[in-house]
Structure formats: C-alpha cells, structure tokens
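One structure is given here, and the rest of the page talks about it.
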Amino acid sequence: LKDYFTQAKALIFLGKYYHRTGSFSQSIDNYEKCILLAKEKRLKGIIPECYFGQARVMRTVGDLKGESRNYELVAEAALQENADRYVLDAWLNNGGLYLEKMRNFSKADSLLKKCLNMSLLKKDTAFTAFSSAQIGWNFYVEKMFDSSLYYYEKSLKYSIPSKQHSISANSLGNLGTISRDLGNHNKAVGYYRKAIEQANIVNDWY
C-alpha cells in the first residue's frame, strides 16, 4: 500500500520488541532499516526516535561510547527537522552520561548548558529545571560549591512554579548536602525538610 509511515512505525515497534526480549542485534537491525526507509521516503519524526532506540540498546549492553554517539545522531537529525524536544532530550541524556558514567566535566558541562540555553529560548521549564540541576551536580562533584549552589537555586526558580516536584526535591536535597559539606548543619536540615515536603507531594520515595 506504500504506507511508509506505518511501515516505519512497525520497524520501531520491532526494534523495541527485540530490545526487550534480548535480541539486541535484531533490534539494531530493525532500527537501521527504519532509518534507511525514513531517509529514502523523507519521513519526519522517525529518525531521531530510531537513534534513541539504538541508544537504549547500547545502554543495555554497556556500550557507553555507542550510547553517546547515538545521542549525538539524535541531536543532529532532530536539528535538521526542527524537532526541539528530541534535541533537548538528546543533549540532556548525553550530558548525564558524561556526568555519571563517563565522567568528563567539560563534556557534561557543554552538553547540559546547550540543553539549558535552548530550553530557556523555547521556554521549556521542565528541561530548564532538570538541566540546571544536572549542571549543579556536575559542579558539586568537582567541589565547586558556589557554582553548584547557583545552578541548584536556578533549578528551583523554574521547578517550583511549574510543579516539577521531583526536580525540586532533588535540588533542595542537594542544597542540603552542600550546606552540610560547608558545615552549615542547621541550614542543611532546613533544606532536607523542604526536599521531603516536595517529594511527598508526588510520593517520590527516592
């Protein structure tokens, strides 16, 4: 029937299915077929989703470089399609990867600030709040407490009004930890209590 969009969606479904059932090479193969189809038929909104799927497979098998490369491909494809949410998600995930797993301060800082700046431009408060908190943690790991405090407070500026309670709880908790590390124990307890209040709103037990 030459319904190429449905064909692409079916290939994405198969990519997800084979990932979940542990057939990783078949998962990648279906995503690759989908990417080729989308390029040939000029289908929008498909290629970034396929690269995200491949990134998730790479994460499962522990290929961090492969995961990172796929996030880069997501961003490249999404920028060409003006798919802002995919771009933001790719930069946020890749920044988080360099922050937590591949530990590269500069790469994490660069990617997360790209996400932050674009989210401010697009007025996407969720990405602004989350990327700011991630930048704050990146500075915290390097014991750059002043910069860390700045970005956690920035995160709260956006997360509390937009009711992103889990992000607020995380930021408040880490502000408590910074205060504790600086020896301000009463201030730390105050932040921790506020963090618990935010977390309780959404039953965020973590």
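Reported count of residues in the stretch 124-146, each being assigned to a helix (DSSP H, G or I), under 17 Å from Lys114 (Cβ atoms) and open to solvent by less than 50 Å² (accessible area, probe 1.4 Å), is 12. You will find that of Phe105, Phe139, Phe145, Phe52, the residue that is under 30 Å from Ser25 (Cα atoms) and modelled with pLDDT of 95 or more is Phe52 and no other.
When restricted to residues that are assigned to a helix (DSSP H, G or I) and either closer than 18 Å to Asn200 by Cα or open to solvent by 40 Å² or more (accessible area, probe 1.4 Å) (or both), the stretch 150-174 contains 17. Taking first residues from the stretch 18-44 that are closer than 15 Å to Gln7 by Cα and modelled with pLDDT under 95 and partners that are among the charged types (D, E, K, R) and in a helix (DSSP H, G or I), the Cβ contacts under 6 Å between residues at least 6 apart in sequence or on separate chains come to Lys44/Glu81. Among the residues making up the stretch 94-109, those that are over 14 Å from Ala75 (Cα atoms) and part of a helix (DSSP H, G or I) are Gly96, Leu97, Tyr98, Leu99, Glu100, Phe105, Ser106, Lys107, Ala108, Asp109. Entry remark, the stretch 30-59: residues being surrounded by fewer than 18 Cβ atoms within 10 Å (Cβ to Cβ) and of a type in the set (Gly, Ala, Ser) number 1 in total. The set of residues from the stretch 15-29 being in a helix (DSSP H, G or I) and surrounded by fewer than 18 Cβ atoms within 10 Å (Cβ to Cβ) comprises Lys16, Tyr17, Arg20, Phe24, Ser25, Gln26, Asp29.
The values are calculated or read from the model by the stated rules, or taken from the named source; none is laboratory data. Only a predicted model underlies this, so the values are computations on that prediction, with no experimental measurement involved. Neighbour counts are summed over all protein chains in view; Cβ atoms, including those assigned to glycine, are modelled from backbone coordinates with ideal geometry. Just so you know, the surface numbers come from the protein's heavy atoms only, side chains and all, with ligands and any DNA or RNA stripped out. Shrake-Rupley method; radii C 1.70, N 1.55, O 1.52, S 1.80 Å.
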